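In what follows, a single structure is set out as structure tokens and then discussed.
Taken together, the values in this text are just the output of simple stated rules run on the coordinates, not laboratory data. Owing to the predicted nature of the structure, the values given are computational and were not obtained by experimental measurement. Glycine also receives a Cβ, built like all others from the backbone with ideal geometry; neighbour counts cover every protein chain displayed.
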Amino acid sequence: MVTLSDINEARARLYGITVHTPLIELDHGDPTLRLFLKPENQQPIGAFKLRGAYNKIASLSDEERKRGVISYSSGNHAQGVAYAARALCVKAIIVMPNNAPAIKREATAALGADIVLVGPGSTERQHKAEELAAQNGYIIVPPYNDEKIIAGQGTMGLEILEDMPDVETVLSPVGGGGLISGVAAAIKLTKPSVNVFGVEPELAADAQASLRAGKIVQFPADQVTRTIADGLRTQSVGPINFDHMQCFVDGIVTVNEDEIREAMKLLAVNPDTIAEPSGAVATAGFLFRADQLPKTKLNVAIISGGNIEPATLEELRRSSPARDI
């Protein structure tokens, strides 16, 4: 399990690399339940994934870095690994699904990583990365199932508590579980009274199913790939992540595709809070699942990323304004 010391060490490594993103209040019509956004779309790669990726690669030995790193990702972790590898002068190979958004695929290539494309299933890209690592000696940088990755993502929890010591509830998107594992560990190990809830798409609600079952539940690829939240299309959470979630997470709620789009519309009004579909799910959870969440006054929802296709963003802005919540 990740310790508070691990997360503080990660924060020291990330100094000058990642941005301490501010908290931005969202006017959603109810002043009694205030919502502040943690806009990780303001990171150098447009998403939180740089935190974990850099912490992992920076922790490798010189010999391991010389061998090069390989990862598997639908997009944001790919960019995080590519960015960190370039900063640390390490060769990077990324296995990506062939349905990854073009904006993420192109950004990863622009950062100097070699890209290998496979089918849409999250297990498929993992298996390909493991195969190439075995053949070539690359070091695997997993997207979530790794303590260095979790510790890096946990630095976000430290920032939230520093900027809002009285926060009562924190909402995090859930895909493979790296983000919520780190954030929940950082918060609960520092201030156990804070509620930490995950939010995921109904079409990819494997984390919720896993917590309810008390064991990891895997969803089929043809189901999870139907959600617009491409960064949350993992078929199951990682074992290390699941241990942290069982220990530190208070619950998980789910949102449907229309609710994700509505949250994206509301967030797109402010250029500082533009969110890709995955980045909007925590806000959607607050707006549409209030009956399943604590009635707390000070709340934070994490915008995990803002790498949205330009055409999708333009469509959101042309469509009718977000409806009243």
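Residue-wise HN-Hα couplings along region 97-113, as the Karplus relation 6.51 cos²θ - 1.76 cosθ + 1.60 with θ = phi - 60° gives them from phi, are x, 5, 9, 5, x, 4, 4, 7, 5, 5, 5, 5, 5, 5, 7, x, 7 Hz; Gly and Pro carry x. The stretch between Asp243 and Ala12, if pulled fully straight at 0.36 nm per residue, gains 80.7 nm over its current Cα-Cα span. For Rg and Dmax of the Cα atoms in Å, computed directly from the structure shown, the correct entry in (1) 19.2, 58; (2) 23.3, 70; (3) 18.0, 57 is (3).
Summarising the amide proton neighbourhood of Phe48: residues at separation of 5 or more, or on other chains, whose placed amide H is nearer than 5 Å comprise an empty set. Shown for Glu315, Glu276: other C-beta atoms within 10 Å of each C-beta, ranked fewest to most, produce the order Glu315, Glu276.
Count Lys and Arg as plus one, Asp and Glu as minus one, and take only other residues whose Cβ is under 10 Å from that of Thr283; the net charge is then -2.
Work from the charge dipole of the chain (Cβ charges, +1 for Lys and Arg, -1 for Asp and Glu, about the Cα centre) and give the residue of Phe288, Ala311, Val69 farthest towards its positive end. Towards the positive end, the residue furthest out is Val69. Scalar couplings 3J(HN,Hα) for region 141-158, obtained by applying the Karplus form with A = 6.51, B = -1.76, C = 1.60 to θ = phi - 60°, are 10, x, x, 7, 8, 6, 5, 5, 5, 4, 4, x, 5, x, 4, 5, x, 4 Hz; x denotes Gly and Pro.
Taking amide H as placed 1.01 Å from N in the peptide plane, the amide H of Val95 sits under 5 Å from that of Ser71, Tyr72, Ser73, Val116, each at least 5 places away or on another chain. Between Cys89 and Thr32, the modelled labels are 6.0 nm apart [label points 7 Å from Cα along Cα→Cβ].
Between region 31-64 and region 267-311, how far is it from one alpha carbon centroid to the other, in angstrom? Result: 16 Å between the Cα centres. Placing pseudo-labels 7 Å out from each Cα toward the beta carbon at Gln223 and Met1 gives an inter-label distance of 3.0 nm.
Remark: region 50-140 carries a charge dipole of roughly 220 debye about the Cα centre, counting +1 on each Lys and Arg Cβ and -1 on each Asp and Glu Cβ. Taking 7 Å steps out from each Cα toward its Cβ at Glu314 and Ala134 produces label points 4.6 nm apart.
Among the listed pairs Lys265/Lys297; Lys128/Lys148; Lys191/Lys265; Lys104/Lys295; Lys91/Lys188, those whose Cα-Cα separation exceeds 29 Å are Lys191/Lys265; Lys104/Lys295; Lys91/Lys188. Phi angles across region 57-69 convert, under the Karplus curve 6.51 cos²θ - 1.76 cosθ + 1.60 with θ = phi - 60°, into 3J(HN,Hα) values of 5, 5, 8, 6, 6, 4, 5, 5, 5, 4, 6, x, 10 Hz, Gly and Pro given as x. Taken along its principal axes, the alpha carbon cloud of region 1-86 reaches lengths of 54, 30, 25 Å, longest axis first.
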